[in-house]
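For reference, the structure is listed below as structure tokens.
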Amino acid sequence: MTLGVLAVLAMAFVMFSGFWTDWLWYRSVNYSSVFTTTLWTKIGLFFVFGLLMAVAVGVNIWLAHRLRPPLSAMSMEQQSLDRYRMGIAPYKKWLLVGVTALVGLIAGASAAGQWRTWLLWVNGVPFGQKDPQFHMDVAFFAFDLPWYRFLLGFGFAAAVLSLVAAALTHYLYGGLRITSPGARATAAATGHLSVLLGVFVTLKAIAYWLDRYGLAVKSSDFKATGNWTGLRYVDANAYLPAKTILFCIAVICAVLFFATLWRRTWQLPVIGFGLMVLSAILIGGLYPAIVQKFQVQPNEQAKEAPYIEKNIKATRDAYGISGVKPEAYEGAGKVDEDPEKKRDNADSAANYRLNDPNIVSPTFQQLEQERSYYQFPKTLDVDRYKGQDTIVGLREIDVNKLDKRNWINDHFAYTHGYGMVAAKGTETKKGSKGAPAFTESGLPTTGDLGEYEQRIYYGEKTSQYSIVGGPQKELDYEGNGGGQKTYSYKGDSGVNLSNPINRAAYAVSFGEPQILYSGAIGEGSRILYNRTPKERVEAVAPWLTIDGDVYPTVVGKRIQWVVDAYTTSNGYPYASRTTLGDTTADSLSQADSQRTVIAQQNRVNYIRNSVKATVDAYTGDVKLYTWDEKDPVLKTWKKAFPGTVKDKSEIPQALMDHLRYPQDMFKVQRELLTKYHVTDPGQFYNASDAWQVPNDPTKKDDSAVPPYYLSLKSPGQDRQQFSLTTTFTPSERPNLRAFMTVDADARSENYGKMQLLRVRGDVDGPEQVQNKLNSMTEVGNFVRDMKGADSDVLYGNLLTVPLDDGFLYVEPVYVQGRKSAYPLLKKVAVSYGTETVFADSLSEGLNQVFGADASTKPPADQDEGEPTKPPKSSDPTVQAALDDAQTAFEDGEKAMKEGDWKKYGEAQERLQDALERAEEASAKAAEKDGDKNADKNADKADEKDPAGNDEKDGDKEGSGTAAE
């Protein structure tokens, strides 16, 4: 007995620990209302529907027992059941309780899983749009119909279980006889079972009626579109009237079953039920097939045209592409038409990103890793700093790379990463032979980002829990001299482990008993978990679908992860469904497991980027901001979880500068536009203008090319705009058919506006351009030479830029030595019209393609020749500091080439110190010069007349001094 009690208590504590730790976590992130709302909704559904099912089954069993005949042993069949009746007689009450409890638990658990459906139904707000068939608000199909279908399914389950339980009870107690002569059922059993059958048929009638509305969101296979949602001709003209007729027949049949309470005969109900089944076969199955065969197929295009038109409009509305209209664009640019002008326009057409974030991660890793346990993501991110496209990555902790793995190291010592590293997207570092030009680097990092909290406790690689803030000190970072800096977490994130109950609960939940008794845990210790940005946003907003790519940015002196989140539905009438996992997969998601695709098998037919979320990399603080203020799905969820999503007006301006149009949303939209750019039903039916997203020409597998963030000037624009771009090719053809951009800058008044350029001429597509490049003799020689030097050639992102009625392709080419372990930019391929060149730099490539030099000479290629010497200064203090800076710079370059990272770090520190001394000395010199000039101007002013006739000359002199 003691062991049994202890076992029960242990099981109870295990269940309690899961609940308690969840509650503590939600309270720690200030989203306890999400936990309580979800919990109470599940509990309410569990008890209400569990009780309803238990009562329905239990009452019918009790009623069948109550209606048993007085003399049960009337035949040999009944006598054989006596032993069963006698066996259960002492336990029949407990048996009844057990059966009803079992069905109640199963039903309650099933109902609890419908908490989203319930919250959407009870909080639903209207869309303000009506479906074209029934003229009902879209909210009925998105919010109401799913709940009604759940209620209907629950009713069918209750009716069937009650019918089975009642029939067994009647048989056990003699109300039903199978083999005995005479009446097969008593009048009481006949009435009871007929009522249950009447309830079942009534529910079937309701199902027929709801099926009418379900046709608007029904998925089917249609050869013109493949996946089809909504009514077609046969649905509107055969299935819809058939469902109405079957509804009427089912109502009549149900009335006949209920009438057996007075008539005490099964004859009419059985006839009615048979008529209903026959009608379902003939009217619900055969008749629509005849209509499809003899009315639709002979002239399918004309018959289906009105319904295709409805599908096109609904799909474009549901995916936010209703305003996208193809614009005619010549596409076949000619280099021999005004080459000088084209060459100049090429410089301003785009901010060509030569550092491919999918290629240069190993370079970041090699040059800025600093320690083996720091890791950068395999695919870096593109952001904007100081108006420039910038490649960024966080130096995160990866305990899998530790030299010594143990519980203390994994969870107490190595707890956080350190710093953001950034590089210019368009440039390489002077004298580095192709390495990125870092604008923020070092450990701790310094550069353009200024001062900010560099510790990263929450990131994409922090999948393990950490215990911080207690007696055990954390490794902060190791200085370049090798000295270790320690740190103790000062944030209020995580859950306090000072409470022994909390420690015990986490020891059970995490399966780690050391949490309970370890001396490394004490006063102030806090446990951090659910540390990836996706996990945190998904937990506090379980009704959102999270974008596959989160990205870091520095906002308000803190590193903030930006997470794009979507509201979705699969109940938008007539809008075709898509599987998000398949639609958002591309060459990057397949190459980088961390860049996951969203909701892999989630099928939707409505999506909005309604929420922008942030996760603080130090505190883990999660904030949700409204982005699409008109989205009815978001309004519904905000009613269900009030106070969880902030208003759009509360987004800080510093954060707004880094928000962008999300990639996964764009990929879903571009996939739909491969077919739904066509708005004419006849052309849509023939699929004569179907497109496809081309394969990534830089990859060997058949994976889709990813969209690229790029600042470019689209046709009709007078300046560059941060955009997201993609290309289209005709179905099963490689030539370019269309080019699409979307304004991706959240600060822009045209944010989200798409421009779709339909190419009229015969223009090479991305794969054709890559093939032309690979077939060039100079490229073949280059690849052969690099392989001879034991190096690999890597092709970067093939960028497509519209330019003067044509398209300019730019592709960086990298070389990675097998021993160097990181790629360097060595060549740039440029293609325009019929010309394709392979050059040492972008400027050379543009000059060669257009056969003309730019009128404004760009700075000399950063990788050619010796580094430029700093200018001389007349001030000896400034000149001495500049000389020291030059020496430190040269020492650092030499150390980098030799792979001596310790000397390289020391040289960087000397360089920074020298530059600071030079800046300080220059400021003092300028101040002295300013004082002298002021005195000189004052003397001149005294010599002139009081009216200030020489005031203009004095201003000129002062201005000239300032300019100097």
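Quick look at the numbers
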{"read-out": "Flag for VAL34 being in contact with a Ser or Thr (Cβ under 8 Å, 6 or more places away or on another chain) and modelled with pLDDT of 85 or more", "value": "yes"}
{"read-out": "Number of the condition not met by TYR352 [criteria: (1) in a loop (DSSP other than H, G, I, E, B); (2) of a type in the set (Phe, Trp, Tyr); (3) under 30 Å from SER518 (Cβ atoms)]", "value": "(3)"}
{"read-out": "LYS485 of a type in the set (Lys, Arg), more than 31 Å from the chain's Cα centre (by Cα) and farther than 30 Å from PRO823 by Cα", "value": "yes"}
{"read-out": "Positions within segment 116-163 being in a loop (DSSP other than H, G, I, E, B) and charged (D, E, K, R), in sequence order", "value": "ASP131"}
{"read-out": "Residue list for segment 332-347, restricted to those being of a type outside the set (Lys, Arg), surrounded by 18 or more Cβ atoms within 10 Å (Cβ to Cβ) and either modelled with pLDDT of 85 or more or not in a loop (DSSP other than H, G, I, E, B) (or both)", "value": "ASP344, ALA346"}
{"read-out": "Residue in segment 203-224 that is outside any loop (DSSP other than H, G, I, E, B), of a type in the set (S, T, N, Q) and either within 40 Å of the chain's Cα centre (by Cα) or modelled with pLDDT of 95 or more (or both) present", "value": "yes"}
{"read-out": "Scope segment 662-711; condition surrounded by 21 or more Cβ atoms within 10 Å (Cβ to Cβ), among the β-branched types (Val, Ile, Thr) and not in a loop (DSSP other than H, G, I, E, B); matching residues", "value": "VAL668"}
{"read-out": "Selected residue (only one of THR462, THR486 is without any contact (Cβ under 8 Å) to a residue 24 or more places away in the chain and among the hydroxyl-bearing types (Ser, Thr, Tyr))", "value": "THR486"}
{"read-out": "Strands (runs of 3 or more DSSP E) enclosed by segment 500-579 - at least 2 residues per element that are of a type in the set (Ser, Thr, Tyr) and surrounded by 17 or more Cβ atoms within 10 Å (Cβ to Cβ)", "value": "551-555, 558-569"}
{"read-out": "Number of positions in segment 773-795 that are surrounded by 16 or more Cβ atoms within 10 Å (Cβ to Cβ) and polar (S, T, N, Q)", "value": "1"}
{"read-out": "Residue under evaluation LEU475, criteria (1) farther than 15 Å from ARG371 by Cα; (2) among the hydrophobic types (A, V, I, L, M, F, W, C); (3) modelled with pLDDT of 90 or more, criterion not met", "value": "(1)"}
{"read-out": "Residue list for segment 274-320, restricted to those being within 30 Å of ASP628 (Cβ to Cβ) and of a type in the set (Asp, Glu)", "value": "GLU309, ASP317"}
{"read-out": "So ILE312, is it part of a helix (DSSP H, G or I), crowded, with 17+ Cβ neighbours inside 10 Å, modelled with pLDDT of 90 or more and not polar (S, T, N, Q)", "value": "yes"}
{"read-out": "Count of residues meeting criterion [aromatic (Phe, Trp, Tyr) and either over 30 Å from GLU337 (Cα atoms) or modelled with pLDDT under 70 (or both)] in segment 840-897", "value": "1"}
{"read-out": "Unique residue being surrounded by fewer than 19 Cβ atoms within 10 Å (Cβ to Cβ) and either assigned to a helix (DSSP H, G or I) or modelled with pLDDT under 95 (or both) when the list is GLY104, GLY108, GLY198, GLY191", "value": "GLY191"}
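Each row is one residue, and each column tells you yes or no for (1) more than 27 Å from the chain's Cα centre (by Cα); (2) farther than 14 Å from PRO357 by Cβ.
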{"residue": "TYR373", "(1), (2)": "yes, yes"}
{"residue": "PHE376", "(1), (2)": "no, no"}
{"residue": "GLY387", "(1), (2)": "no, yes"}
{"residue": "THR390", "(1), (2)": "no, no"}
{"residue": "ILE397", "(1), (2)": "no, yes"}
{"residue": "ASN400", "(1), (2)": "no, yes"}
{"residue": "LYS404", "(1), (2)": "yes, yes"}
{"residue": "TRP407", "(1), (2)": "yes, yes"}
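To keep it simple, each residue is scored yes or no on (1) in contact (Cβ under 8 Å) with a residue 24 or more places away in the chain; (2) part of a helix (DSSP H, G or I); (3) among the basic types (Lys, Arg).
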| residue | (1), (2), (3) |
| --- | --- |
| GLN365 | yes, yes, no |
| THR379 | yes, no, no |
| ARG384 | yes, no, yes |
| ILE391 | yes, no, no |
| ASP403 | yes, no, no |
| ASP410 | yes, yes, no |
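The values are calculated or read from the model by the stated rules, or taken from the named source; none is laboratory data. All values reported here derive from a predicted model rather than from experimental measurement. Cβ atoms come from the backbone with ideal geometry, glycine included; neighbour counts cover every protein chain shown.
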